[in-house]
Amino acid sequence: MRNDLISRFASRVADCFRPSWFVLFLTCGCYANHALALDLGPDFDHDETNFPLDYKHALADCESCHVQGIFIGTPRRCVDCHSNSGRIKASAPSSRHIRVVGDCDYCHTSDSWTTVVRVDHSVVIGSCINCHNGVAAEGKNPGHIPSGNFCDDCHTTYSWKFYHVNVVNNCVFCHNGSIATGKNPGHIQSTSTCEDCHRTSSWAPVLRVDHGSVLGTCFSCHNNVIARGKGPLHVPSSNDCSVCHSVTGWVPAF
């Protein structure tokens with residue numbers, strides 16, 4: 001194909017040397033383009049240029065990019081070719097494409113338009129819900145907690161994982177067993193101030209128990225079932241731990 005293309009360019013060069021075309025040939029830049037075409041040769045390697053061919057580009061006909069045999073000034077940016085305007089008529093974004101600024105390769109590769117491995121959200125125009133509406137891109141699933149349409153109140157652009165940084169209410173406002181996971185039936189008797197014992201990163205393990213939020217006696221938890229209780233070598237005593245111990249530690253005992 002390249003040899004055939006070179007032959008056609010050589011024929012055009014001959015046409016340019018006709019008297020009526022010679023001056024135009026020297027002054028309009030045709031000379032540079034035709035000279036480049038003749039220099040290519042059968043061993044020309046496009047990978048040695050500033051635009052190596054890969055994937056779909058490697059399968060394209062030369063003239064689909066080098067329209068009318070023009071080599072110099074061929075665009076290298078995606079958007080200069082993949083548009084509905086301009087000299088090169090490559091496939092353009094559909095009318096349903098999300099609104100973006102910047103070049104195509106922020107999200108696409110030259111392998112395929114449809115396989116979008118990564119979306120650079122910095123070039124996307126509009127709010128999250130413009131795309132994450134269940135049509136253009138994944139939206140809220142049926143099990144999502146009741147919420148508004150401002151995804152970035154809880155999520156980031158690199159993960160759906162919930163982040164509590166923008167939450168203004170206390171835990172139980174959501175973690176009430178209806179909107180989000182709440183206390184299970186086996187939870188110790190306590191107030192509804194989850195943050196006194198739990199962290200926003202995980203329910204368990206509980207690293208610190210604020211006993212001020214625990215309801216009931218010590219033994220209702222420290223019974224060796226829910227929490228550590230009296231060991232086999234403990235002195236004979238009642239189950240009222242607070243007579244000898246404090247909530248800061250088992251030792252020293254009073």
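Mind checking which residues of the stretch 56-72 are in a loop (DSSP other than H, G, I, E, B) and either among the aliphatic types (A, V, I, L, M) or exposed (fewer than 11 other Cβ atoms within 10 Å of the Cβ) (or both)?
Answer for the stretch 56-72, where residues must be in a loop (DSSP other than H, G, I, E, B) and either among the aliphatic types (A, V, I, L, M) or exposed (fewer than 11 other Cβ atoms within 10 Å of the Cβ) (or both): Ala60, Asp61, Ile70, Ile72.
Every condition in (1) outside any loop (DSSP other than H, G, I, E, B); (2) surrounded by 12 or more Cβ atoms within 10 Å (Cβ to Cβ) holds for Asn223 except the one numbered (1). When we screen His175, His144 for residues that are at pLDDT 85 or above and either part of a loop (DSSP other than H, G, I, E, B) or not charged (D, E, K, R) (or both), the only hit is His175. Restricting attention to the stretch 228-254, the residues that are small (Gly, Ala, Ser) and under 18 Å from Gly216 (Cβ atoms) add up to 4.
Kindly indicate which of Thr115, Thr109 is within 17 Å of Asp54 (Cβ to Cβ) and exposed (fewer than 11 other Cβ atoms within 10 Å of the Cβ).
On the way: Thr109 fails: exposed (fewer than 11 other Cβ atoms within 10 Å of the Cβ).
Matching residue, one of Thr115, Thr109: Thr115.
Restricting the first member to the stretch 177-196 and to residues that are closer than 17 Å to His211 by Cβ, and the second to residues that are aromatic (Phe, Trp, Tyr) and surrounded by 10 or more Cβ atoms within 10 Å (Cβ to Cβ), the beta-carbon pairs closer than 9 Å and six or more apart or on different chains are Cys194/Trp203.
The values are calculated or read from the model by the stated rules, or taken from the named source; none is laboratory data. Bear in mind that the values here come from a model prediction, so they are computed numbers and not experimental data. Backbone-built Cβ (ideal geometry, glycine too); neighbour counts: all protein chains shown.
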